[in-house]
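Notes to accompany the following structure.
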Amino acid sequence: MSFFNGKLLVAQGGGPSAVINQSLVGVVLEARKFHHIDLVYGAVHGVRGIVNEDFVNLSGETSHNLEMVAGTPSSALGTTRDKPDLKYCQQMLKVMQAHNIRYFLYIGGNDSSDTIRIISEQAKKEKYELRCIHIPKTIDNDLMCNDHCPGYPSAARYVSQAFIGLNRDSWALGGTVIAVVMGRHAGFLTAAASMGKKFPDDGPHLIYMPERVFDVDTFANDVRRVYEKYDRCVIAVSEGIHDAEGTPIITKLTQNFSRDAHGNIQLSGSGALGDTLAQILREKVGIQRVRADTLGYMQRSFVGCVSDVDQREAREVGEKAVQFAMWGDRDGSVAIKRIGFYMCDYDLIPLEDVAAKTRTMPDEFITPDGNDVTDAFRMYLRPLLGSKMPDAYRLRAHFVPKILNENLPTNAEKQPKLPQW
């Protein structure tokens with residue numbers, strides 16, 4: 001073990017989540033235990049705050065207030081979408097050297113891990129003693145070498161509950177509903193829509209993920225088949241669905257899309273994807289009552305349905321990051337490993353194994369027809385959602401025989417809305 005004497009700097013990058021502040025607080029409270037760490041600084045608005053020297057001294061925060069912040073969603077330090085290049089990272093390192101920062105812990109996803117990799121390499125080239133640790137965070141659940149990522153279970157819990165409500169709404173009135181879920185390259189979050197299904201005819205009846213090619217005609221035929229069977233259809237669609245060439249579907253079906261500061265296509269922010277798919281169903285299938293919703297930012301930081309498992313693990317990855325930094329002799333990324341059903345452990349993996357790489361759903365999680373998930377996925381996700389998941393029930397009453405309209409079919413004969421006992 002080689003201890004460095006100096007300050008610890010922690011920052012948050014990328015999209016917020018419901019539990020990212022648990023990781024932040026885990027870092028601060030654990031860092032206070034080590035006398036080699038003089039002070040704990042927080043960078044305001046991520047890497048941009050480092051370049052601008054926008055630091056706050058977190059060592060003076062009370063434990064009580066830190067605990068209150070830990071239970072609050074979104075990024076307490078603020079965040080940024082900046083993607084630093086080599087020159088940007090070199091400037092960050094200069095700032096760290098000026099402030100005698102010897103431990104840099106960055107909470108974030110793929111891009112954040114790549115940033116810390118570059119800084120780690122530059123520090124070694126300049127022979128500056130700096131320990132760099134990446135702390136995983138992403139609701140997309142797409143970090144390599146991790147069983148799952150902090151932030152994903154809570155977002156998945158929200159998506160699951162949202163679809164319970166959408167399914168019950170559709171069951172009551174019929175019709176078709178499309179809900180677009182976040183996920184540019186990985187379908188883990190969209191797949192979570194399946195977790196609220198209880199009865200055979202429950203929705204979502206169709207789930208479309210980026211791991212499979214999306215074909216408009218196949219989509220229309222899938223919906224037609226479900227609609228003819230149930231007189232309704234609930235559909236979960238990932239914002240990242242694409243054609244056989246990898247072109248995002250939204251760019252092929254409409255010109256109503258925009259790009260972010262990095263040139264990436266805004267896949268679901270405008271609602272254009274859902275509206276376009278709804279119009280396709282009206283034209284190709286003849287279903288006139290089609291509603292499209294985009295879940296949007298609510299998936300990331302919704303305070304009402306946070307997974308207790310997610311909270312605990314997000315805190316622990318922050319604590320483990322400090323421990324790896326102090327007791328280890330190398331830089332790296334904290335990774336969550338699954339043990340049995342269900343426990344987890346933590347490992348420190350090389351930064352290059354996770355930096356700028358994307359994990360997608362394995363084949364065994366997706367049905368052969370590509371429009372639903374398997375029981376293997378449900379078994380994977382269920383323990384992560386936490387305790388006291390809500391459930392939806394139905395009446396078990398029998399239909400009363402008709403007297404005046406005995407020749408008309410009952411609702412039970414038209415579609416299996418009530419279970420037959």
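Quick notes on this structure:
- Ranked by the mean number of other Cβ atoms within 10 Å of their residues, highest first, the peptides 88-99, 39-50 come out as 39-50, 88-99.
- Residue of Pro350, Pro368, Pro409 that the Gaussian network model of the chain assigns the largest fluctuation, springs spanning Cα pairs under 10 Å: Pro409
- Candidate membrane-span-like segments in the chain, meaning DSSP H helices with Cα atoms spread over at least 24 Å of their own axis and a Kyte-Doolittle mean of -1.0 or above, are 152-173, 308-327, with no membrane implied.
- Accessible-area value, Glu364, 1.4 Å probe, nucleic acids and ligands omitted, Å²: 110
- When the helices of the chain are scored as -39500 (n - 2.57) per DSSP H run of n ≥ 4 and the total is divided over every residue, the value at 222 nm lands at -10500 deg cm²/dmol.
- Potential extension, Asp147-Leu408 segment - 0.36 nm per residue separation minus Cα distance: 88.6 nm
- Taking the 1.4 Å solvent-accessible surface of the chain as the whole, the part contributed by carbon and sulfur is 51%.
- Phi to ³J(HN,Hα) by Karplus 6.51 cos²θ - 1.76 cosθ + 1.60 over the range 191-199, Hz, x for Gly, Pro: 4, 5, 4, 6, 6, x, 6, 10, 9
- Between Arg359 and Leu143, Met144, the built amide H atoms are under 5 Å apart, and every one of these is 5 or more places off in sequence or on another chain.
- Seen through its C-alpha gyration tensor, with square-root eigenvalues sorted a ≥ b ≥ c, the range 43-95 comes out oblate because a/c lies at 1.5 or above while a/b is not bigger than b/c.
- In order along the range 6-12, the Karplus-derived 3J(HN,Hα) couplings, from 6.51 cos²θ - 1.76 cosθ + 1.60 at θ = phi - 60°, round to x, 9, 10, 10, 10, 9, 10 Hz, and Gly and Pro are given as x.
- Taking amide H positions as modeled 1.01 Å from N, with prolines and chain starts lacking one, the residues under 5 Å from His242 and 5 or more places away or on another chain are Phe214, Ile249.
- Taking a straight Cα-Cα cut-off under 26 Å and skipping sequence neighbours fewer than 8 places away in the same chain, the lysines within cross-link reach of Lys402 are Lys229, Lys414, Lys417.
- Applying a threshold of 20 Å to the alpha-carbon distances of Lys87/Lys125; Lys7/Lys320; Lys197/Lys252; Lys137/Lys320 flags Lys197/Lys252 as lying beyond it.
- Across the chain, Cα pairs under 8 Å and at least six residues apart give a relative contact order of 20 percent.
- Summed over the residues of the range 268-350 and divided among them, the accessible surface reaches 46 Å² per residue at a probe radius of 1.4 Å.
- Among Ile366, Ile135, Ile339, residue whose mean-square fluctuation peaks in a GNM of the chain (springs only between Cα atoms under 10 Å): Ile339
- Annotation note: chymotrypsin sites (Phe, Trp or Tyr not before Pro) in the range 268-361 located in DSSP loop regions with a Cβ neighbour count of at most 16 within 10 Å are Tyr297, Phe341, Tyr342.
- Difference of contour (0.36 nm per residue) and Cα-Cα distance, Ala244 to Val56: 62.9 nm
- Overall form of the range 1-142 per C-alpha gyration tensor (a/c, 1.5; a/b vs b/c): oblate
- Per-residue HN-Hα couplings for the range 389-398 [Karplus 6.51, -1.76, 1.60; θ = phi - 60°; Hz; x = Gly/Pro]: 5, x, 9, 10, 10, 10, 5, 10, 6, 7
- Highest GNM mean-square fluctuation among Arg232, Arg312, Arg131, for the chain modelled with Cα contacts below 10 Å: Arg312.
- Whole-number accessible area per residue in Å² for the range 5-111, which is evaluated in the context of all protein chains at 1.4 Å: 39
- Restricting the GluC sites (Glu not before Pro) of the range 188-246 to loop positions (DSSP other than H, G, I, E, B) with no more than 10 neighbouring Cβ atoms within 10 Å leaves Glu245.
The values are calculated or read from the model by the stated rules, or taken from the named source; none is laboratory data. Fair warning: this is a prediction, and the values are worked out from it, not measured in the lab. Virtual Cβ from ideal backbone geometry, glycine too; neighbours counted across all protein chains shown. Ligands, DNA and RNA are stripped out before the accessible areas are found, and what is left, the full protein with its side chains, is counted by its heavy atoms. Shrake-Rupley method; radii C 1.70, N 1.55, O 1.52, S 1.80 Å.
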